[in-house]
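A quick write-up on the structure given underneath.
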There are 2 protein chains.
Amino acid sequence: MTNAQPDVLTIREMCEAYDVTPRTLRFYEAKELLFPIRQGTRRLFGRRDRARLVLILRGKRFGFSLEDIRQLLDMYHTEGSNQAQLEKTLDLGRARLAQMQAQYAELEHAITDLMRQLTDGEHLLAGKRRANEDNAIRD
Amino acid sequence: MTNAQPDVLTIREMCEAYDVTPRTLRFYEAKELLFPIRQGTRRLFGRRDRARLVLILRGKRFGFSLEDIRQLLDMYHTEGSNQAQLEKTLDLGRARLAQMQAQYAELEHAITDLMRQLTDGEHLLAGKRRANEDNAIRD
DNA sequence: CGTTTCATTTACGTTAACGTCAACTACAGT
DNA sequence: ACTGTAGTTGACGTTAACGTAAATGAAACG
């Protein structure tokens, strides 16, 4: 069972698969968020890089900076790291988890809030519609 | 019941209450996110502006841009707007609500994901600790 | 009335996260 | 050998969201 699939994507394939530009992928490499292998001069993105990219894009949607994300990404290949480094990474992960849980709670609140405003607005709109009909009758 | 409390804050008071800088508040005014009244040359922020500021800061934490937020803020003083404008605002609000609900779901997923990585990492760390003890015995 | 103490306007600086352009290079097909 | 078609590396440009500094004005205090 020698897992012989190539399983690497070119930069174009990555862009289409994850809806990003080449510039973005090169930028992420420069910032050490991704580590594509080189076949000659070209980049090839393996499964590890794709998993990382998913986490990057996800983190961005939650409002985290790339630097925030970069530090956290170590969480996903802790295998080779030493004890001290691992502890630091775990601390960082726990802190991030707390942030996300807080954000989760706040997001729930914001959602119910917005829903209330929406129904209020819809009632207001219904009122205006009736008013318009009344005017039409009088014309 | 003539509600005679002044109920306005100076820029400093605002900064301390909401942990922002004066620059930020002036910037938000320039971008038409806030509309402080003027007493002579100075700004005074009333209840409406404070409510808006809360929503602004909240929106930012969820990764929305100030321009995104500005458009949505109309949701919270729909009283005077006309029918067409109100419909547009409501559409925008519904779209935003959908985004936030999606984000909510994704955030939940991300949280369980991160928790799993954390426990994995902690087990790994425990293993390294035991290995270290074994070494100590042999020394 | 002079001097701190805030606040204001104007303007230029800064950082993050890319966009855009120019000038190569590597290879594939004809 | 010529022509595309990706891909690459600089290098500079851009936008958002403020920071920072300078000059001015108003207000309160002794």
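The values are calculated or read from the model by the stated rules, or taken from the named source; none is laboratory data. Since this is a predicted model, take the numbers as computed values, not measurements. Every residue, glycine as well, gets a Cβ built from its backbone with ideal geometry; the counts of neighbours run over all protein chains shown. We work out accessible area using only protein heavy atoms, side chains counted, and drop any ligands, DNA or RNA first. Shrake-Rupley method; radii C 1.70, N 1.55, O 1.52, S 1.80 Å.
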(request) Residue by residue through the range B:42-52, note down the ones that are surrounded by 14 or more Cβ atoms within 10 Å (Cβ to Cβ), within 14 Å of DNA strand C (Cβ to nearest atom) and of a type in the set (K, R). (result) B:R43
(request) Take the residues in the range B:69-102 that are open to solvent by 80 Å² or more (accessible area, probe 1.4 Å) and at the interface with chain A (Cβ under 9 Å from one of its Cβ atoms), then tell me which one is nearest to DNA strand C (Cβ to nearest atom). (result) B:Q101
(request) Considering only residues that are open to solvent by 100 Å² or more (accessible area, probe 1.4 Å) and more than 22 Å from B:D74 (Cα to Cα), look in the range B:5-41 and name the one that is farthest from DNA strand C (Cβ to nearest atom). (result) B:Q5
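Considering only residues that are basic (K, R) and closer than 17 Å to B:E13 by Cα, which ones fall in the range B:23-44? Spell out the reasoning first.
Step one: list which residues in the range B:23-44 are basic (K, R), which gives B:23, B:26, B:31, B:38, B:42-43.
Selection gives B:R23, B:R26, B:R38, B:R42, B:R43.
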(request) Considering only the range B:64-109, state which residues are over 19 Å from A:R129 (Cα atoms), in the same structural domain as B:D49 (by TED's automatic domain parsing), away from DNA strand D (no atom under 16 Å from the Cβ) and not hydroxyl-bearing (S, T, Y). (result) B:D74
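Going through the range A:124-138 one residue at a time, which ones are under 21 Å from B:L72 (Cα atoms) and facing another protein chain (nearest Cβ under 10 Å)?
Taking the range A:124-138 first, the residues under 21 Å from B:L72 (Cα atoms) are A:124-126, A:128.
Listed by number, the residues that qualify are A:L124, A:L125, A:K128.
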(message) With the requirement that a residue be in contact (Cβ under 8 Å) with a residue 24 or more places away in the chain and more than 8 Å from DNA strand D (Cβ to nearest atom), what does the range B:26-35 give you?
(response) B:E32, B:L33
